[in-house]
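Here the structure is laid out as structure tokens; the discussion comes afterwards.
Just so it is clear, none of the values below were taken in a lab; they were calculated from the coordinates. All of these numbers come straight from a predicted model, not from anything done at the bench. Virtual Cβ from ideal backbone geometry, glycine too; neighbours counted across all protein chains shown.
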Amino acid sequence: MSIPERFVDPCKSELLGQDCAVQGLSAEPLDMKFCKDVVVKNNYGLSIYESMQEQAAILKQNVWDQGQTILIAFLNGTAEQKKWVQSVVETTYVSLINLHLVFVPENFKGRTDVRVKFDTLNGSWSYLGRQCLEIPQHEPTMNLSWLDLPPLEGGIILHEFGHCLGPFIHEHQNPKGNTIEWNVPVVISSLCGPPNNWSRKTICENMFPKYSQNQIRGSSYDPTSIMQYPYPASWTLNGQSSDTPQKLSEEDKYWLQFQYPKLSSPSLSLLSTPPTSALYIAPIIVFCLFILLLATFVLLFKRYKK
């Protein structure tokens, strides 16, 4: 698909409320479904830049507490759907992070922290981290509009729980070393059609802006991250493309362990910055070493006097 020689910037603020299609372009058939950002605060009327600022603040404020127990419930779904989601989460995230993820039984009557719904008409999305605690108990904090069932590895499940637990941003919005050059009119024309049917505003907010360097904590752009959108080469000016990720990348695992370190984790020695727990342990270690050195000095002094 080519770009018309003359076209108006489709993401100009005055155009965001207009019809989605870009004049002069027809949508390509698309077999890719996308997760969209959601926030607690209504960002209606905010510029794209202001929305990004708000989202960055949510990332910093909504990290779960170390060792926190997170109760997860299903609001609907078949036994197969629930079993698959629980299996994917428990075989990946549980062993990596210092959070206790508990899937409550169907008849559980108490308060829950994360509530998963399977609504095929509402897209896939998740609130970020502790933002889930602000959502009324009868409402979902995550929606899984589709599932990557076997033989796939549950990529969309890992992606949405990446938002929920990390809390991770979408990787294409990572500013560090990001080489994506979007073909903006083509992307808009594709995403405004099925199966996503996004508005122009939703596309412009979710696809093109990047966070600033000081707004995020993480690796350089990782095209293999579970948080990376898939996209065809026709969507970029430099022919770059991405397949649908189905598992956590090594960088994903590294930063999850950095955010929620397990004391027994062998990878902690590789961290470039001490995790929070180390800040409390370090003084104790220093004190013990000082006592040991003092005792050694006293012992040597007594032997010398003899």
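For the listed residue pairs LYS176/LYS262; LYS176/LYS210; LYS83/LYS117; LYS83/LYS247, the alpha carbons are over 20 angstrom apart in LYS176/LYS262.
Of THR91, THR236, the sequence from fewest to most neighbouring Cβ atoms within 10 angstrom is THR91, THR236.
Each residue in PHE108, PHE103 was given a count of other beta-carbon atoms within 10 angstrom of its own, and listing them fewest first yields PHE108, PHE103. Just round it to a whole percent: the fraction of Cα-Cα distances in segment 126-198 exceeding 21 Å. Roughly 49 percent, once rounded to a whole number. Between the amide H of SER124 and those of LYS36, SER145, distances stay under 5 Å, these residues lying 5 or more places away or on another chain, with hydrogens modeled in the peptide plane. Under the classification rounded if a/c is under 1.5, otherwise prolate if a/b is larger than b/c and oblate if not, where does segment 66-116 fall, given a ≥ b ≥ c as square roots of the Cα gyration tensor eigenvalues? Cα axes put segment 66-116 in the oblate bin.
Amide hydrogen proximity for PHE103: with H placed 1.01 Å from N in the peptide plane, the residues at 5 or more positions away or on another chain lying under 5 Å are ILE72. Couplings for segment 163-168, taken from phi via the Karplus curve 6.51 cos²θ - 1.76 cosθ + 1.60 with θ = phi - 60°, read 4, 5, 9, x, x, 9 Hz in order; Gly and Pro are left as x. The GluC sites (Glu not before Pro) found in segment 103-176 that occupy coil by DSSP, while having at most 14 further C-beta atoms within 10 Å, are GLU106.
From least to most packed, judged by other beta carbons within 10 angstrom and beginning with the fewest, GLU251, GLU80 follow the order GLU80, GLU251.
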